[in-house]
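Asks: Have a look at the structure that comes next, please.
The values are calculated or read from the model by the stated rules, or taken from the named source; none is laboratory data. None of the values given here were measured: they were computed from a predicted structure. Quick reminder, even Gly has a Cβ in these numbers, built from the backbone with ideal geometry, and neighbours come from all protein chains shown.
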């Protein structure tokens, strides 16, 4: 994510939200007699747009968001009993397909991507929605790219990862030596480090299944933040040595993960201390372990 403009991605999400509203797919909020009310589209389900990190965007995209689709209230799973209403699967399939087509009618590319999802597994669908500049070849996921990939955890049927199963986030945290909140590639620190100002920070996060690359069996996002001594100054310039610090730190993360069998991807726009606050790396395996 670039420093610069948290406003940029807010505007991006806002632009897609505006189109969703024009399509009649968003909630309508009203205020009357001092009370707020929310009305949902009848029978269509409803949508909202959500930020997608740039390293997960399709090739050549200049805009990308996740569009959440929530089923109509009549077809939601009953959380107290676990019951999925009759017709829920058909409602899900038909309305998600219609939403994808509606997004395409507004000039976006859109597709349901990632491991299988449905009303018996998760509460909502997530649609990848992106745009490429005119003249750029359009990317679309290959047919059947995730056919042999099991549903992500947690889900209604399989719950969370159990002891003995490999949790993707924990696996990558282990590879990178992340044991305490304030750690580095050098491993966990058990006492104050007088050189902490020169250590980068890392955190490993789950990734929406809609952002998983074709064929991925497990996928996480590593967010690398430079050490305080090498962060961008208030005037937008980078401290001396920042470029080497960034190059070395990002290369260490990438090399460590690749040596353990992960594919690794950063955003198409090269990160630098002059333009970014942090760097996101998408890390995935295209073969299953024991999950």
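Asks: Among residues belonging to the stretch 64-83 that are assigned to a loop (DSSP other than H, G, I, E, B) and in contact (Cβ under 8 Å) with a residue 60 or more places away in the chain, point out the one that is nearest to residue 135 (Cα to Cα).
Replies: Applying the filter and picking the extreme gives 77.
Asks: Here's a follow-up. Suppose we filter 181, 165 for residues that are at pLDDT below 90, within 30 Å of residue 82 (Cα to Cα) and part of a loop (DSSP other than H, G, I, E, B); which single one remains?
Replies: Every option except 165 fails the conditions.
Let's see how each residue does on (1) over 18 Å from the mean Cα position of the chain (by Cα); (2) outside any helix (DSSP H, G or I); (3) exposed (fewer than 15 other Cβ atoms within 10 Å of the Cβ):
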| site | (1), (2), (3) |
| --- | --- |
| 202 | no, yes, no |
| 219 | no, yes, no |
| 243 | yes, no, yes |
| 255 | yes, no, yes |
| 258 | yes, no, yes |
| 268 | no, yes, yes |
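Asks: Now, a different point. Among the residues of the stretch 155-165 satisfying the criterion of being in contact (Cβ under 8 Å) with a residue 40 or more places away in the chain and over 20 Å from the mean Cα position of the chain (by Cα), which is surrounded by the fewest Cβ atoms within 10 Å (Cβ to Cβ)?
Replies: Restricting to residues being in contact (Cβ under 8 Å) with a residue 40 or more places away in the chain and over 20 Å from the mean Cα position of the chain (by Cα), the top hit is 164.
Asks: A further question on this structure: For the stretch 135-154, check the following and say yes or no: at least one residue is farther than 25 Å from residue 215 by Cβ and either modelled with pLDDT under 90 or more than 22 Å from the chain's Cα centre (by Cα) (or both).
Replies: Yes: one or more hits.
Asks: Determine whether residue 75 is touching a helix residue (DSSP H, G or I) at 6+ places or on another chain (Cβ under 8 Å) and farther than 22 Å from residue 265 by Cβ.
Replies: Yes; evaluated as a whole, the condition is true for this residue.
Asks: What tally of residues in the stretch 257-278 results from selecting those that are in contact with a helix residue (DSSP H, G or I) (Cβ under 6 Å, 6 or more places away or on another chain) and closer than 16 Å to residue 220 by Cα?
Replies: So the count comes out to 5.
Asks: Given the criteria more than 27 Å from residue 25 (Cα to Cα), assigned to a loop (DSSP other than H, G, I, E, B) and free of Cβ contacts under 8 Å to residues at least 40 places away in the same chain, does residue 147 qualify?
Replies: Answer is yes for this residue.
Asks: Sticking with this one: Here are 29, 51: which of them is under 12 Å from the mean Cα position of the chain (by Cα), surrounded by fewer than 18 Cβ atoms within 10 Å (Cβ to Cβ) and free of Cβ contacts under 8 Å to residues at least 60 places away in the same chain?
Replies: Testing whether each residue is under 12 Å from the mean Cα position of the chain (by Cα), surrounded by fewer than 18 Cβ atoms within 10 Å (Cβ to Cβ) and free of Cβ contacts under 8 Å to residues at least 60 places away in the same chain leaves just 51.
Asks: Check 61, 37, 97, 86 and return the single one that is surrounded by fewer than 12 Cβ atoms within 10 Å (Cβ to Cβ), outside the structural domain of residue 250 (by TED's automatic domain parsing) and assigned to a loop (DSSP other than H, G, I, E, B).
Replies: Only one candidate passes the filter, namely 86.
Asks: Check residue 136 against each of (1) out of contact with any strand residue (DSSP E or B) (no Cβ under 6 Å at 6 or more places or on another chain); (2) in a loop (DSSP other than H, G, I, E, B); (3) surrounded by 11 or more Cβ atoms within 10 Å (Cβ to Cβ); (4) without any contact (Cβ under 8 Å) to a residue 60 or more places away in the chain and name the one condition it does not meet.
Replies: Condition (4) is where residue 136 drops out.
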